[in-house]
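Here's the structure, in structure tokens; my notes come after.
The values are calculated or read from the model by the stated rules, or taken from the named source; none is laboratory data. What you see is a predicted model; the values in this text were computed from it and never measured. All Cβ positions, glycine included, derive from the backbone under ideal geometry; neighbour counts span all protein chains shown. These accessible areas exclude ligands, DNA and RNA; they are computed on the full protein's heavy atoms, side chains included. Shrake-Rupley method; radii C 1.70, N 1.55, O 1.52, S 1.80 Å.
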Amino acid sequence: MEWQAVFTLITLAGVLGTLALTRLSADLVLMAALALLLVSGVLGPVEALSGFANPGVITIATLYVVAAGLKETGAVQWIARLLLGHPKTQRGAQLRMIAPTGVLSGFMNNTAVVAMFIPAIQDWAQRLGVPASKLLLPLSYAAILGGTCTLIGTSTNLVVDGMLQSRLGINLGVFELAWVGVPLLVVGGAFLVFIGHRLLPDRGGLSEELDQVREYGVEVQVEERGPLAGKTIAEAGLRALTYGYLTEIDREGRLITAVEPDRTLQAGDKLYFVGAPECASELRRIQGLKPANGSVHKLEVENHQRCLVEVVLGPEFPALNKTIRDSRFRTRFNAVIFSVSREGKRVPGKLGDITFRMGDTLLLEASHQFVEQYRFRRDFLLVSALNDSTPPDFRKAPRALGILALMVVLSASGLLSILESAFLAAGAMIAAGCITASRARRSVDLPVLVVIASSFALGNAMTETGAAQWVVGGLLGFGPLTPWMALAMVYVLTALFTEVITNNAAAVLMFPIALAVSEYLGVSFLPFAVAVMFAASASFITPLGYQTNLMVYGPGRYQFMDYVRIGAPLSVLVACVAIALIPLVWAFEG
């Protein structure tokens, strides 16, 4: 091998190891790899940056705006209300949920579908008396399977289609993948309904344990001529209580939330603490405080000045691996943490000493503007108001669904390309008032686009330097393989990659290897490209393999082994069906 091929393989190994073993963000790692290949001379500027001009990547960026328009108008919740209904059994509830989730995920970003369905499914589960843990993981899996049914259902399909266009001039139709995707959705859905429910844990969601999580509220008042008036919160010793913590101050009818330690107390202030019942006894031992109306009571959430918000920490949350005390969460986000849930259980111990981890679910008390402010930020994978004061504008839901339907018809009929129809749909969403221009800008997930686009540099380097052909020679050197066996090998390798790195990066890295395999065997490349599409999306075994899996991790109170228990057999089943069907639809001889 030339030194360029060796350097490319070392870079690839470094990328895979860094993504699998560290918490560095994927966009940072892949951009560093792109820069390394460019500076070293392995790739020129055109080859290194080609991903940023790929039609598939631009289409994904545009579809984020379309999905945001559907989300802002509540179109998905509107459909969910019509389709979910009131089933009598748990199995019926799963079936009622899986069908619309799979269909909707075929036509819009499945991450957006799951984000909108999670609060609806939690409320629905509570009304039906079904544990949320029996529904939320099937929700994620149904969204993943539904996304494979169309070309626009998942970003992975668009990425591979973009590479097919640029490398080989092949264009797939919007519904061409349905020949395999629909059977996968049916088989996978049947597995979840008839077998999976036995493998799913029986744990309530966060809303089912809300009373336990919130514990008790205690109100006390600063005495008129007491020693605490004029002192700061810290000086008064109110920041280091054993059984509770200060959440807000009522000062002459004005509510002060996210109280800073250096805020000065005034006579007559009503202080509101959250904690265990023993908090009341602890506060009574502090001179200068008196009970406000003698109240020690269950925490009320109906106060019109605040609401409860559930958030799931994402990989870009700035305080990962820091304690709540050191993170200055109250000051940074103007919100108070009530509890932290991790791997299905509330994290014990004093709240300030808890260390943030990716995937943690936090129950917050915040202003009504919190959801609006952080809905499109990268800090959180999910932001859901439990007492939502700003419901979507459902009057515009039919308008948004009409725009989506028109986009699908224009692209499916061949009148316009997917990119062109997506541009028109995004513009129509803004023009029709389904979403504002500022929200449209914020809805574009830039880190995901950077990951996808920079992955192309590694893929190009694998092809240009001959590293992909060398890898294929090593894989096929153990003995002669039939095209069907080679297809299975490509599928399994891609599926393994997507469990440890992002699904889009796995697709881009496996594309040149799959191309080299088809050239080595002298058969059509299309079946191998489609296998990469389906395998890169089929991530069921770990919560980190696919973003929707991580989004339901906290709200469903799941543990890591829950994913392995149900995801492993589902992955094997999906792999068998896909490997059997793909050559029947796209022949090896072409």
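A few notes on this one:
- Scan of segment 98-109 for residues that are within 17 Å of residue 187 (Cα to Cα), without any contact (Cβ under 8 Å) to a residue 60 or more places away in the chain and surrounded by 23 or more Cβ atoms within 10 Å (Cβ to Cβ), ordered by number: 101, 105
- Annotation note: Cβ proximity below 8 Å between a residue of segment 560-584 that is at negative phi and a residue that is of a type outside the set (S, T, N, Q) and open to solvent by 60 Å² or more (accessible area, probe 1.4 Å) (sequence gap 6+ or interchain) occurs for 560/343; 569/195; 575/492; 579/484; 581/179; 583/484.
- Whichever residue in segment 68-79 is crowded, with 24+ Cβ neighbours inside 10 Å and β-branched (Val, Ile, Thr) and, among such residues, is nearest to residue 155 (Cα to Cα): 76
- Taking every residue in segment 387-400 that is more than 16 Å from residue 310 (Cβ to Cβ) and pairing it with any residue that is open to solvent by 60 Å² or more (accessible area, probe 1.4 Å) and at pLDDT 65 or above, at least 6 positions away or on another chain, the pairs with Cβ-Cβ distances below 7 Å are 394/78; 397/78.
- Qualifying residues in segment 374-387 (those that are at pLDDT below 80 and out of contact with any helix residue (DSSP H, G or I) (no Cβ under 7 Å at 6 or more places or on another chain)) - the one farthest from residue 438 (Cα to Cα): 387
- Yes/no for residue 436 being over 28 Å from the mean Cα position of the chain (by Cα) and β-branched (Val, Ile, Thr): no
- Looking across 82, 16, one residue alone is out of contact with any His (no Cβ under 8 Å at 6 or more places or on another chain), more than 22 Å from residue 545 (Cβ to Cβ) and either open to solvent by less than 20 Å² (accessible area, probe 1.4 Å) or aliphatic (A, V, I, L, M) (or both). It is 82.
- Restricting segment 78-104 to residues that are farther than 29 Å from residue 409 by Cα and charged (D, E, K, R), the residue that is modelled with the highest pLDDT is 91.
- Only residues that are more than 14 Å from the chain's Cα centre (by Cα), of a type in the set (A, V, I, L, M) and modelled with pLDDT of 80 or more were counted across segment 105-124, and they come to 1.
- Some residue of segment 438-448 being buried (at least 16 other Cβ atoms within 10 Å of the Cβ) and of a type in the set (Val, Ile, Thr): yes
- Residue list for segment 87-97, filter: touching a helix residue (DSSP H, G or I) at 6+ places or on another chain (Cβ under 7 Å) and either over 20 Å from residue 188 (Cβ atoms) or open to solvent by 10 Å² or more (accessible area, probe 1.4 Å) (or both): 87, 90, 91, 95, 96
- Residue count for segment 227-257, restricted to those that are small (Gly, Ala, Ser) and surrounded by 14 or more Cβ atoms within 10 Å (Cβ to Cβ): 3
- Helices (runs of 4 or more DSSP H) fully within segment 513-590 counting 2 or more residues that are over 23 Å from the mean Cα position of the chain (by Cα): 526-537, 560-585
- Evaluation of residue 288 against the conditions (1) at positive phi; (2) modelled with pLDDT under 70; (3) open to solvent by less than 50 Å² (accessible area, probe 1.4 Å) shows that the sole unmet condition is (2).
Okay, residues lined up against (1) modelled with pLDDT of 80 or more; (2) open to solvent by less than 40 Å² (accessible area, probe 1.4 Å); (3) within 25 Å of residue 124 (Cβ to Cβ); (4) of a type in the set (Lys, Arg):
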{"position": "167", "(1), (2), (3), (4)": "no, no, no, yes"}
{"position": "171", "(1), (2), (3), (4)": "yes, no, no, no"}
{"position": "176", "(1), (2), (3), (4)": "yes, no, no, no"}
{"position": "197", "(1), (2), (3), (4)": "yes, yes, yes, no"}
{"position": "200", "(1), (2), (3), (4)": "yes, yes, yes, no"}
{"position": "215", "(1), (2), (3), (4)": "no, no, no, no"}
{"position": "219", "(1), (2), (3), (4)": "no, no, no, no"}
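- Subset tally (residues that are crowded, with 17+ Cβ neighbours inside 10 Å and within 29 Å of residue 321 (Cα to Cα)) for segment 32-67: 3
- Test: residue in segment 532-544 that is open to solvent by 20 Å² or more (accessible area, probe 1.4 Å), of a type in the set (Val, Ile, Thr) and closer than 17 Å to residue 163 by Cβ: no
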